[in-house]
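First up is the structure itself, then whatever we jot down about it.
The values are calculated or read from the model by the stated rules, or taken from the named source; none is laboratory data. All values reported here derive from a predicted model rather than from experimental measurement. Don't worry about glycine lacking a Cβ; one is built from the backbone with ideal geometry, like all the others, and counts go over all protein chains shown.
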Amino acid sequence: MNQQELQNLRQDYTAATLSENDTKGDPINQFDQWFNEALAAKLHEPNAMTLATATANGKPSARIVLLKGFNQHGFIFYTNYLSRKGKEITKNPQGAIMFFWGELQRQVRIEGTIEKLSKEDSERYFHSRPKGSQIAAVVSPQSQEIENRDGFEKKWAELEAEYEGKEVPKPSFWGGYILNPQLVEFWQGRSSRLHDRILYKKVDKKNWKKVRLAP
């Protein structure tokens, strides 16, 4: 593909509209509505989200993770505490997540602070996962360099045999986080790039201010 072909890649969005009156008073309730609509549309992994974190001096990084829960307190995901994102969260708890549901021509962008879930919540989720995924969490020194894949897979197989018929203990370096939102933006694609953008800004512990942003 040449540069001109790349520049000409575009799509006009005409699937839906979004007005202030269409949205809930609370962004979590609005997210719940949109997420259920994404589920009903049978999108591939609608809970896949981009998670952006940064070092203490502001150097950003981003990756795709899976949303594993949400409530009035925030948005939940799980990972290795010693991974790159885990280390960045320890030093700089500011983060952002973003969902893109292309078939619905929608995005949701969320900014806030990240903190660990309780050990009990992390234990509960860990043991709900497939056993192979539990073993992978134990084996993987996530984000660290490894010599090759063979040694990694051998260790996985050894632990699979060791824990046959037994419970896999959750490693101390693995668990959950929750992003407590301060800003939540709902984006609905519109024709001619005149997109609808409704932003919720946290006013205090219980209240939000809703505004429209220019596309």
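Matching residues to (1) out of contact with any Gly (no Cβ under 6 Å at 6 or more places or on another chain); (2) crowded, with 16+ Cβ neighbours inside 10 Å; (3) farther than 30 Å from residue 18 by Cβ:
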residue: 110; (1), (2), (3): yes, yes, no
residue: 115; (1), (2), (3): yes, no, yes
residue: 124; (1), (2), (3): yes, no, yes
residue: 128; (1), (2), (3): yes, no, yes
residue: 134; (1), (2), (3): yes, yes, yes
residue: 137; (1), (2), (3): yes, yes, yes
residue: 140; (1), (2), (3): yes, yes, yes
residue: 144; (1), (2), (3): yes, no, yes
residue: 149; (1), (2), (3): yes, no, yes
Practice problem: Please list, ordered by first then second residue, the pairs with beta carbon atoms under 6 Å, 6 or more apart or interchain, first in region 172-195 and within 25 Å of residue 209 (Cα to Cα), second of a type in the set (A, V, I, L, M) and assigned to a loop (DSSP other than H, G, I, E, B). | Solution: 178/117; 188/16; 188/18
Quiz item: Given 67, 82, which one is hydrophobic (A, V, I, L, M, F, W, C) and within 22 Å of residue 141 (Cβ to Cβ)?
Solution: 82
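Report, by residue number, each residue of region 41-63 that is part of a loop (DSSP other than H, G, I, E, B) and among the β-branched types (Val, Ile, Thr).
Within region 41-63, just 55 meets the criteria.
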Exercise. Could you please let me know if residue 52 is modelled with pLDDT of 95 or more and surrounded by 11 or more Cβ atoms within 10 Å (Cβ to Cβ)?
Key: yes
Practice problem: For region 6-23, state whether one or more residues are closer than 29 Å to residue 86 by Cα, outside any loop (DSSP other than H, G, I, E, B) and without any contact (Cβ under 8 Å) to a residue 12 or more places away in the chain. | Solution: no
Quiz item: Which strands (runs of 3 or more DSSP E) sit wholly inside region 65-155 and have at least 2 residues that are hydroxyl-bearing (Ser, Thr, Tyr) and free of Cβ contacts under 8 Å to residues at least 12 places away in the same chain?
Solution: none
